[in-house]
Amino acid sequence: MTETQNAAGEKDAAAHDRISAETLAARLDDPSARGIAGTMTDLIRGGELAPGLSLPTVRALAVRLGVSPGTVADAWSVLRRHRMITTRGRRGSVVSGPPAVIHPVRYERVGDFGDHLTQDLAIAAPDPALLPPLEAALASGARTPQLHRYSRTSLTPALREAVEPSWPFPPEAWLAVGGGYEGVHLLCQALLVPGDRVAVEDPTAPRLLDILDAQEVRTLPVACDADGPLPHSLRQALADRPALFLFQPRAQTPRGWSLTARRAAAIASVLESSPNTVALEDDGIGPLARDPAASVGTHLPARTVVVRSYSKAYGPDLRTAVIGGPQDVVERVRVLRTYGTGWTSRILQDTVAHLLRDPATEDRVTEAAHRYALRRTGLAERLAAHGVLTDNRDGLQLWMPVADETSALVTLAARGITVSPGSRFCVGPQLPHVRVATARLPEDGAALDATAGLLALAARAVRTP
């Protein structure tokens with residue numbers, strides 16, 4: 001076959017993979033943005049517009065429909081939001097497939113170890129053996145006032161009384177939600193629109209980045225040190241006028257720092273220059289944290305909202321977190337919840353309230369925090385003896401530097417050990433790391449020695465050419 005014949009064949013194939021503006025316009029009866037998006041959805045669902053099919057330009061289709069290019073662009077935006085089309089810059093848009101829910105790709109587990117997994121160091125979850133018993137607390141929760149009533153209770157009086165003394169500033173409004181990440185997700189839904197900018201610490205928790213991806217916002221990395229986000233880095237991010245600054249004030253994932261009172265004051269001073277930026281503090285470890293909560297809200301209460309989770313301290317099946325912050329911000333989340341569950345179970349709220357006020361449970365949580373620290377520092381000291389330095393001061397994990405992320409993961413996988421790839425935690429370029437969960441490590445010295453030896457081996461592993 002000659003080059004001319006090849007070129008002709010490729011041209012014919014390209015023509016079959018493209019639909020003309022004239023042909024597509026003939027299928028679109030309603031030329032409004034909503035009508036175009038609706039008909040396109042039907043055509044894609046039915047397979048008449050197959051995945052990979054190239055679409056006409058916005059301008060060409062607008063001319064055929066007799067509408068403005070903005071009308072078609074609005075329809076395309078809806079289709080992109082639901083993952084039905086993909087825009088590839090100058091190459092135009094192509095059909096992706098039927099409507100799809102975006103997957104939290106960072107959070108979802110990577111790889112299948114089958115029966116070969118001997119040590120799971122990827123999930124920084126609490127040790128069930130260190131969680132408090134729930135029987136008495138659940139019995140107390142079942143006696144909550146207004147049991148089985150359909151009145152919507154933002155926060156029960158008992159839970160407010162239990163959480164208020166330790167809250168870092170007096171919030172205007174309260175709301176109980178189904179866990180810390182649900183609280184962050186709801187706040188992002190309530191406060192952000194696609195195209196917004198969000199300043200976020202870098203590195204940070206993968207689930208937070210997945211939530212921001214789902215909101216179709218642009219993330220602005222903020223560098224951090226051992227005392228929290230760096231004011232000069234936040235100032236640079238604020239130049240892009242973010243709607244939100246999202247960060248973790250205590251036992252930060254993955255680096256384990258906690259915000260100091262001095263740093264909180266410095267951050268608040270920087271935020272003064274950006275009056276439309278809301279500070280969202282995700283306090284994911286709650287009562288297990290070593291330090292009291294320092295907060296930007298001490299200085300900017302009208303623009304700071306805190307989400308505090310109680311799952312890691314008292315049990316993930318309680319699915320309870322509390323939001324406290326400005327009235328207008330919390331009210332947006334309350335309204336958003338009316339489309340779904342409406343309110344968090346009063347039984348669960350008062351169960352958590354009982355746990356927070358029970359002296360025996362407080363002792364149990366204090367002991368758990370001590371044991372978690374022993375496991376984290378025990379591994380960190382052994383890694384340091386191998387020349388692998390980590391600096392996590394709190395939390396359920398270590399942020400371990402490696403020579404090469406892929407080589408480290410493969411080296412550990414070959415020995416039945418799984419850790420989290422550090423790249424999943426990063427907004428921008430970072431030196432290679434892996435995140436090692438420490439909450440369920442054995443406290444036996446010999447076992448920790450063996451684990452540290454394998455991690456150090458993986459830290460030094462490099463890819464061969």
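The values are calculated or read from the model by the stated rules, or taken from the named source; none is laboratory data. The structure presented is a predicted model; accordingly, all values stated were derived computationally and were not measured. Note: ideal-geometry Cβ built from the backbone for every residue, glycine included; neighbour counts use all protein chains shown. Accessible surface areas use protein heavy atoms only, side chains included; no ligands, DNA or RNA. Shrake-Rupley method; radii C 1.70, N 1.55, O 1.52, S 1.80 Å.
Listing for the model above:
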quantity: Residue within segment 410-428 that is open to solvent by 70 Å² or more (accessible area, probe 1.4 Å), β-branched (Val, Ile, Thr) and more than 20 Å from Ala384 (Cα to Cα) present; calculated: yes
quantity: Pick from segment 17-61, criterion among the small types (Gly, Ala, Ser) and part of a helix (DSSP H, G or I), ranking: surrounded by the fewest Cβ atoms within 10 Å (Cβ to Cβ); calculated: Ala26
quantity: Hits in segment 162-177 (condition: outside any strand (DSSP E or B) and open to solvent by less than 70 Å² (accessible area, probe 1.4 Å)); calculated: Ala162, Val163, Ser166, Trp167, Pro168, Phe169, Pro171
quantity: Residue within segment 93-105 that is within 30 Å of Leu454 (Cα to Cα) and open to solvent by 70 Å² or more (accessible area, probe 1.4 Å) present; calculated: yes
quantity: Qualifying residue in segment 327-350 (condition: under 30 Å from Pro275 (Cα atoms), open to solvent by 10 Å² or more (accessible area, probe 1.4 Å), modelled with pLDDT of 95 or more and touching an Asp or Glu at 6+ places or on another chain (Cβ under 7 Å)); calculated: yes
quantity: Pairs, first of a type in the set (Asp, Glu) in segment 384-402, second open to solvent by 60 Å² or more (accessible area, probe 1.4 Å), C-beta under 7 Å, six or more apart; calculated: Asp394/Arg290
quantity: Residues within segment 137-156 that are out of contact with any strand residue (DSSP E or B) (no Cβ under 7 Å at 6 or more places or on another chain) and under 12 Å from Asp350 (Cβ atoms), tallied; calculated: 13
quantity: Residue within segment 225-241 that is hydrophobic (A, V, I, L, M, F, W, C), open to solvent by 10 Å² or more (accessible area, probe 1.4 Å), touching a Leu at 6+ places or on another chain (Cβ under 8 Å) and not in a helix (DSSP H, G or I) present; calculated: no
quantity: Qualifying residue in segment 201-210 (condition: touching a residue at least 60 places away in the same chain (Cβ under 8 Å), open to solvent by 50 Å² or more (accessible area, probe 1.4 Å) and assigned to a strand (DSSP E or B)); calculated: no
quantity: Counted residues, segment 62-92 - those being of a type in the set (Ser, Thr, Tyr) and either in a helix (DSSP H, G or I) or within 21 Å of Asp30 (Cα to Cα) (or both); calculated: 3
quantity: So Arg382, is it at negative phi, part of a helix (DSSP H, G or I) and open to solvent by 50 Å² or more (accessible area, probe 1.4 Å); calculated: yes
quantity: Residues that are polar (S, T, N, Q) and either open to solvent by 20 Å² or more (accessible area, probe 1.4 Å) or not in a loop (DSSP other than H, G, I, E, B) (or both), drawn from segment 429-440; calculated: Gln430
quantity: Number of positions in segment 258-280 that are at pLDDT below 95 and assigned to a helix (DSSP H, G or I); calculated: 0
quantity: From the options Gly416, Gly428, residue that is at pLDDT below 95 and in contact with a His (Cβ under 6 Å, 6 or more places away or on another chain); calculated: Gly416
quantity: Checking Asp317 against (1) open to solvent by less than 30 Å² (accessible area, probe 1.4 Å); (2) within 30 Å of Leu138 (Cβ to Cβ); (3) outside any loop (DSSP other than H, G, I, E, B), the condition it does not meet; calculated: (1)
quantity: Any chance Ala122 is over 30 Å from Ile44 (Cβ atoms), modelled with pLDDT of 85 or more, of a type in the set (A, V, I, L, M) and open to solvent by less than 60 Å² (accessible area, probe 1.4 Å); calculated: yes
